[in-house]
Amino acid sequence: MKMATALVMTTSVPPNPEKDKCEAAIQKVLKIESYMKHPLQNKWALWFFKNDKSKTWQANLRLISKFDTVEDFWALYNHIQLSSNLMCGCDYSLFKDGIEPMWEDDRNRRGGRWLITLSKQQRRADLDRFWMETLLCLVGESFNDFSDDVCGAVINVRAKADKIAVWTTDYENKEAITHIGRVYKERLGVPSKVIIGYQSHADTATKSNSSTKNKFVA
Ligand code: MGP
């Protein structure tokens, strides 16, 4: 009997203030994490364009808000109108913080865009879904090693045809552009027989008719 008591006493865990301190610290970290926002790799800025013909193109462009966490992205997304509810002539642009959503910005000057042109019927069926997927590709850095080439994305709501495009920084970066185009097309679920084109901003800005030549296709 005496032997058993001695055994119990020797196997019971002796007080360990260091371990208790360590556990308290872990609990504290877990508590902080439970209310901490989840950071994105980049800070992003959402812009809105409203076509007012009395103003210049640049003056019609307005910064809505910036965010750099998952939670703030969703808060903003849930707060604004769906693209399909916008008036024709309006745009949303989502760009990395520090890059203005225009050809003239240093990061866009030598760049171009993967362009998705939607048919009239697609406004109801695909427009909002495609734009949401485009936003997720951007904030989720879905293009792996080539995500650095991405500058932003634009949606143009237009009577003739809505457009969505991913802008990249250099139309000569063939490897980055073809990878981004392939992943983007897959993510949108565009059928492989449908061809999408990549055009340089320089060509778009100086085009003389309604079509700009494709530098790449996917
Ligand atoms: P848009 O809004 O990109 O397309 O360009 P939309 O309305 O479908 O017209 P389309 O020409 O593609 O059929 C419309 C016009 O806005 C352009 O012709 C330019 O005058 C002006 N614009 C568009 N962007 C993206 C820029 C830009 O980055 N910089 C400047 N300065 N003007 C731009």
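The values are calculated or read from the model by the stated rules, or taken from the named source; none is laboratory data. Small disclaimer: the values here were computed from a predicted structure and weren't measured. Here the Cβ is made from the backbone with ideal geometry for all residues, glycine too, and neighbour counts use every protein chain on show. Only protein heavy atoms, including side chains, enter the accessible area calculation; ligands, DNA and RNA are left aside. Shrake-Rupley method; radii C 1.70, N 1.55, O 1.52, S 1.80 Å.
For T69, state whether it is within 16 Å of the ligand (Cβ to nearest atom) and either basic (K, R) or surrounded by fewer than 16 Cβ atoms within 10 Å (Cβ to Cβ) (or both). No. Can you tell me which residues in segment 111-131 are in contact (Cβ under 8 Å) with a residue 24 or more places away in the chain, open to solvent by 30 Å² or more (accessible area, probe 1.4 Å), in a helix (DSSP H, G or I) and not charged (D, E, K, R)? Listed by number, the list holds a single entry, Q122. The single condition among (1) within 16 Å of the ligand (Cβ to nearest atom); (2) within 19 Å of the chain's Cα centre (by Cα) that C88 does not satisfy is (2). Taken over segment 186-218, the criterion of being open to solvent by less than 70 Å² (accessible area, probe 1.4 Å) and more than 13 Å from the ligand (Cβ to nearest atom) is satisfied by L188, G189, V190, P191, V194, I196, G197, Y198, F216, A218. Across segment 141-176, the qualifying residues are those that are open to solvent by 50 Å² or more (accessible area, probe 1.4 Å) and in a loop (DSSP other than H, G, I, E, B), and the one among them that is farthest from Q199 (Cα to Cα) is A159. Residues in segment 49-66 that are free of Cβ contacts under 8 Å to residues at least 12 places away in the same chain and either surrounded by 13 or more Cβ atoms within 10 Å (Cβ to Cβ) or among the acidic types (D, E) (or both) were compared, and the one that is nearest to the ligand (Cβ to nearest atom) is N60.
Of note, G181 satisfies the criterion of being under 26 Å from R109 (Cβ atoms), within 16 Å of the chain's Cα centre (by Cα) and surrounded by 12 or more Cβ atoms within 10 Å (Cβ to Cβ). Filtering segment 72-93 to residues that are among the hydrophobic types (A, V, I, L, M, F, W, C), in contact with a helix residue (DSSP H, G or I) (Cβ under 6 Å, 6 or more places away or on another chain) and surrounded by 15 or more Cβ atoms within 10 Å (Cβ to Cβ) leaves only F73.
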